[in-house]
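The structure appears below as C-alpha cells.
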Amino acid sequence: MMSRYRTANDLAGTAGPGDFATKPDLATPLTRRRALTLGAAFGAAASLRANPAGAVLRFDLNQGNIQPIPIALPDFLAGSPADAEQARSISQIINANLRHSGLFAPIDPAAFLERITNDDASPRFPDWRAINAQGLVVGSITRQSDGRIKAKFRLYDVFGATQLAGQQYFSTPDNFRRIGHIISDAIYERLTGESGYFDTRIVFVDETGPKERRVKRLALMDQDGANVRYLTRGGDLVLTPRFSPTSQEITYMSFGQGEPRVYLLNIETSQREMVGNFPGMTFAPRFAPDGQRVVMTLQQGGNANLFVMDLRSKTTTRLTDTSAIDTAPSYSPDGTRICFESDRGGRPQIYVMGANGGPAQRISFGEGSYSTPVWSPRGDTIAFTKQYQDRFAIGIMRTDGQGERILTEGYHNEGPTFAPNGRVLMFFRDPGGNAGPSLHTIDMTGRNELRVPTPGYASDPAWSPLLS
C-alpha cells in the first residue's frame, strides 16, 4: 500500500533536537495509490526550529500582480557517489516545478557564496541575503540498508533567518521523481498557504500519424510531461478522458463499435467497462465530486440531453429535456450545481442549473460562442473556450457570468482543465495545417503560458487530483 505518513512532528516546533524521525505508529495514510511508501515528519534542532509567527517570507496569491520570489536551490547532497545523480535530479525537478509556477525565481547557482556541505547545519544567512535570496532550500539523499532512499529537505526564510519547514521521506529509488514533486508541493504550500499541484498526473489523448489517418491513444503522464505510459492501444478512437476525484479511474468516450460510448477505465488494472447500454450515442462524460456518479450527454434522434448515472445502482436520471444540444457538463465542487454548454438560444452558450436538473440560467453573454465549461476546484470561477472573430480563446468568468477574462487566444485553443488547486489551467492548441495539437498551461493571471512536453501530438488533457 502506498502511503504518505503525517506524524505528530508535523506541528512546527514540536520536534525534538535534530529530530527527523518518522513514527508509523502515529501515522495516518493520506493516499490510496500503491507501490510507494513515503514517510514525512517535520522537525529541526532547537536552533533551526520553524517559527511561522515570525516568518516574513509569505505572499498572497490574491494580490493580482505577484513578483516571483528569488529562491536558492542548491543541489541536494548525496550520501554516496552512487546517489549523486539522483540527488541532482530531485533538485532539478524542484527547481523546474517552482520556476514553471511563475511564483518563484530560482537563482543561478553560479551566484552562490556558500557551498552547502551539511544540510543539518544552520546556513550562513548573510551570504544568501547578499545575493537577494529570500528563500533557501537545502536537502540530501542517503541510501538505507534496506535499499530505500531517505530524502530530506529544509526550507528557510533567509531574511527572517528562520526555518519554515522540514520533512523527510523514505521510498524506493525509482520513485525519486515523486519525491521531487512532493517536496515542491510542500514548499509551495508553506509559502503560499495553498495546496500545490506538482504531485499530480495528466490523462490526455496522444495523437500520431498523418492527419487523415490519425491514431489516438489514451495516455497518462506526470504534470511536467515525464513518465508517459499508454492506456489504450489505438485501435479505437478515444476522446474526452476525465479523472475520478476519488479513485484511480478515468471515464472517456470511445468509438470502438461504430457509435460513441462512455467507458470507465481503471488506471492500475486496465479493466474497462461501459457506462450503461443506451440505444443512442453517449459522450462528454464527467465524474461527480463524490466519484459515485457520471454525468454525460445521451443523443436520441436530433436531441442531445444530459443524464446522470449512479455507478453503484446503474440507475439513470434525466437532467435536461430540450430540443437543443446540451453537452459538456461539469459539477461544482460541492456537487450542488452543474454548468454545461447548450445551443438552446441559437448558438453554444454556458448555462448553470441545479445538480438534479430543473431551470437553467444562461451566464455567458459576450461576443461569439462559448463551449467546454469546467468548474474550478475552488468553486469561484468557470473556465471555458470562446470562439469569436475567427479566434479561439481560453478564459474564466465568475459562476454568475460576471468578470469574464480572456487568459490566452489564438488558433485553435480548446478544452481547459484545472489543476487541483484551481490556480493553473491546461488546454490544447491545434495550429491547423499538417501540424497537430499540443498541450499548454497558463495561470490565472494570463501571463505565464508554457508548453507541456509530450512524445507526439496531444489533445484533450484532464488534470488529476493530488496523489498525496
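Pull out a ≥ b ≥ c, the square roots of the eigenvalues of the alpha-carbon gyration tensor of the range 201-463, then state rounded if a/c is under 1.5, prolate if not and a/b is larger than b/c, and oblate in the remaining case. Intermediate values should be presented prior to the final figure.
On the way: a/c = 1.36, a/b = 1.04, b/c = 1.32.
Rounded, because the longest to shortest axis ratio a/c is under 1.5.
Find the centroid of the Cα atoms in the range 306-369 and in the range 68-93, then give the distance between the two in whole Å.
For the range 306-369 versus the range 68-93, the Cα centre distance is 48 Å.
For n ≥ 4 DSSP H runs only, could you compute -39500 (n - 2.57) per run for the chain, divide by its residues and tell me the 222 nm figure to the nearest 500? All intermediate terms of the calculation are to be shown ahead of the outcome.
Working: 3 runs with 40 residues, N = 468.
Roughly -2500 deg cm²/dmol at 222 nm, from the helical runs in the chain.
Looking at the range 214-312, which GluC sites (Glu not before Pro) are DSSP coil and have at most 15 other C-beta atoms within 10 Å of their C-beta? Before the final figure, lay out each step's value.
Numbers: sites: 249, 268, 273; in loops: 268.
Passing both the DSSP loop test and the Cβ count: 268.
Output ³J(HN,Hα) for the range 212-227: one whole-Hz value per residue in order, computed from phi by the Karplus curve 6.51 cos²θ - 1.76 cosθ + 1.60 with θ = phi - 60°, and x for Gly and Pro.
Using θ = phi - 60°, the values come out as 7, 9, 5, 9, 10, 10, 6, 9, 10, 8, 5, 4, 9, x, 8, 6 Hz.
What shape does the range 317-397 take by its C-alpha gyration tensor, where a ≥ b ≥ c are the square roots of the eigenvalues and a/c under 1.5 counts as rounded, a/b above b/c as prolate, and the rest as oblate? Before the final figure, lay out each step's value.
Working: a/c = 2.38, a/b = 1.23, b/c = 1.93.
It comes out oblate by the Cα gyration axes.
Just flag the trypsin sites (Lys or Arg not before Pro) in the range 87-164 sitting in loop per DSSP whose Cβ has no more than 14 other Cβ atoms within 10 Å.
On the way: sites: 88, 99, 115, 124, 129, 143, 148, 150, 152, 154; in loops: 115, 124, 148.
Hits after loop and neighbour filter: 115, 124.
The range 369-468: which trypsin sites (Lys or Arg not before Pro) are DSSP loop and have at most 14 other beta-carbon atoms within 10 angstrom?
Working: sites: 378, 386, 391, 398, 405, 423, 429, 447, 451; in loops: 378, 423, 447.
Of the trypsin sites (Lys or Arg not before Pro), the ones in loops of the range 369-468 whose Cβ has at most 14 other Cβ atoms within 10 Å are 378, 447.
Set the Förster distance to 25 Å, then compute FRET efficiency between residue 390 and residue 435 from the Cβ-Cβ distance, nearest 0.05.
On the way: r = 18 Å, r/R0 = 0.72.
For R0 = 25 Å, the calculated efficiency reads 0.90.
Please work out whether the range 198-257 counts as rounded, prolate or oblate from its C-alpha gyration tensor, where a ≥ b ≥ c are the square roots of the eigenvalues and a/c under 1.5 means rounded, while otherwise a/b larger than b/c means prolate and anything else oblate?
Details: a/c = 2.74, a/b = 1.45, b/c = 1.88.
In terms of gyration-tensor shape, oblate.
What's the extension gain from residue 143 to residue 269 if we count 0.36 nm per residue and subtract their Cα-Cα distance? Mind showing how you got there, number by number?
Details: separation 126, 0.36 × 126 = 45.36 nm, distance 3.10 nm.
Fully extending the segment from residue 143 to residue 269 adds 42.3 nm.
Can you give the angle from 0 to 90° between the axis of helix 176-192 and the longest principal axis of the chain, with both taken from C-alpha atoms, to the nearest 10?
90 degrees
Read-outs: derived from the displayed coordinates by stated rules, not from any lab. Every value quoted in this text rests on a predicted model; they were computed, and no experiment measured them. Here Cβ is always computed from backbone atoms with ideal geometry, including for glycine, and neighbour counts include all displayed protein chains.
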